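The values are calculated or read from the model by the stated rules, or taken from the named source; none is laboratory data. Just so it is clear, the model here is predicted, and its values are computed rather than measured. All Cβ positions, even for glycine, are placed from backbone atoms using ideal geometry, and neighbour counts span all protein chains on display.
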Amino acid sequence: MSQKVLLNTKEVQITLHRLACQLLENHRTFNNTVFIGIQPRGVYLAERLKSLLETNYKIKDIRLGYLDITFYRDDFRRSNKTLEANKTDINFIVENKKVVFIDDVLYTGRSIRAALTAIQSFGRPSKIELLAFIDRRFSRHLPIQPDYSGLQVDSINEEKVKVCWMENDGEDAVYLINK
Amino acid sequence: MNELSVKHLLGIKYITEADIQLIFKTADHFKEVINRSIKKVPSLRDITISNLFFESSTRTRLSFELAEKRLSADVINFSASASSVNKGETLIDTVNNILSMKVDMVVMRHPNPGAGVFLSKHIKACIINAGDGTHEHPTQALLDCYSIRERLGDVAGKNVVIVGDILHSRVALSNIFALQKLGATVKVCGPKTLLPKYIGNLGVGIETNLRKALQWCDVANMLRVQNERMDISYFPSTREYTQQFGLNKAMLDSLDKEIVVMHPGPINRGVEITSDVADSKQAIILEQVQNGVAIRMAVLYLLASKIERDED
């Protein structure tokens, strides 16, 4: 197993700032915008972007929810392992809101397909956008593309992209791992 | 650990503490789901479940059916009174006929103890025991323990007394197994005629004085007197039973501490507990019913994920 650094700590910071600015461009006051972090690993990114916008750009009270898609996945009973759920925590209604899905890696697009179904339980958003920190662009199974992406990665299927966050993994970095 | 150690849920006796904790953890997520405005998830959309009820039931059947529908499974219902059982068909034949219609899971209630275990040895589908005679009622015990965990934070270290008709109760047996596996101490309390002779061998304490039992416990689970299973008189009169083993508000208020009162339903108001107790803040009877749906969703979800797919 070998691994290559795609983004180091400094580059992760730069990319986060760029994404925050792109969101700011499109959403301005964030009055009618809500962030949805996709469980499990999209939540770290969502929290980072929220705090960055709040501290550096003085945006107040961005609403943030966590969405778990386990019960909506299309591979139930297709693998040998039982799919384990995470916590969904959305304490607001998304009716007529602009929803931004936030996830760390966009790969086949199946998680986002499931998230699109799952979010319907919380209302009918006026618009849904997708932000992915890493876009593995030639690996898609479904016609789903991000509106904002941190880095596009062209990798082969045997490779894995790992996004590490300080609060969970002890450092901010992105690795390409060759299995 | 993220999967159950068993393929069927036949009784609490056959599962481990880790299984119970996994079911609770999964039920936490489903409890969040059933409190949304849209209460349905598509997990079991390619699963067909048959509810076979060879004995009458209201809340368990409704609770299972709702859990199945919340998970998007296809459901067929069967009750013995309107079936060929009356025409002399055997249990295996009845079930095999239903399974030949491509059913993946069977939820069964049957008056004979061990019916689920027997069936699991003869058929391929996944079986969930919804009560077999006086033997076990595993999902009831799971939802009871889950409700205790929800109210008191944990089951381990708690003192639980099960009061009433222990002899005829599958709820009591399953509860004893589940509570002990989770680390609670259990006592049973009731008229001597309704306590099984060797119940002490299960490691439970025996008490025939209700007040003493209540002083000792954190949780009292009041069982229904099962008149329909009583072939002889086990106590002189209902009035006498109520005087000795019925829980009323005055007794509840006279205790040093606030205990939690549970009842698996249906309640005979004024017999095992009075109305003011059943409707008091200390009673979690309706929470039990709500948790029942979440627990059954968790059990169905975890067992369904172990069913092998047809190669297509």
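Given B:S100, B:S79, B:S37, which one is more than 14 Å from chain A (Cβ to nearest Cβ) and more than 24 Å from B:K306 (Cβ to Cβ)?
Result of the check over B:S100, B:S79, B:S37: B:S79.
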**Prompt:** In the stretch A:84-106, which residues are away from chain B (no Cβ under 14 Å) and in contact with a Ser or Thr (Cβ under 6 Å, 6 or more places away or on another chain)?
**Reply:** A:N96, A:K98
**Fill in**
Taking the stretch A:112-124 and keeping residues surrounded by fewer than 21 Cβ atoms within 10 Å (Cβ to Cβ) and either away from chain B (no Cβ under 14 Å) or under 19 Å from A:N91 (Cα atoms) (or both) leaves A:L116, A:T117, A:Q120, A:S121, A:G123, A:R124
**Fill in**
Taking the stretch B:1-24 and the residues there that are assigned to a helix (DSSP H, G or I) and more than 24 Å from B:H122 (Cα to Cα), the one that is farthest from the other protein chains (Cβ to nearest Cβ) would be B:E17
**Asked** Among the residues of the stretch A:125-139, which ones are surrounded by fewer than 20 Cβ atoms within 10 Å (Cβ to Cβ) and within 16 Å of the chain's Cα centre (by Cα)?
**Response** A:I128, A:E129, A:R137
**Item:** A:R48 vs. criteria under 18 Å from A:K98 (Cβ atoms) and basic (K, R)
**Value:** no
**Message:** I'd like to verify a number: residues in the stretch A:76-104 that are in contact with a helix residue (DSSP H, G or I) (Cβ under 9 Å, 6 or more places away or on another chain) and under 24 Å from A:H27 (Cα atoms), how many?
**Reply:** 13
**Odd one out for B:S174, checked against (1) over 14 Å from the mean Cα position of the chain (by Cα); (2) at pLDDT 95 or above** = (1)
**Fill in**
the stretch B:68-154: helices (runs of 4 or more DSSP H) wholly inside it with 1 or more residues that are of a type in the set (F, W, Y), modelled with pLDDT of 95 or more and closer than 19 Å to B:A27 by Cα are B:138-152
**Item:** Any chance B:K281 is more than 15 Å from B:D165 (Cα to Cα), assigned to a loop (DSSP other than H, G, I, E, B) and in the same structural domain as B:K158 (by TED's automatic domain parsing)
**Value:** yes
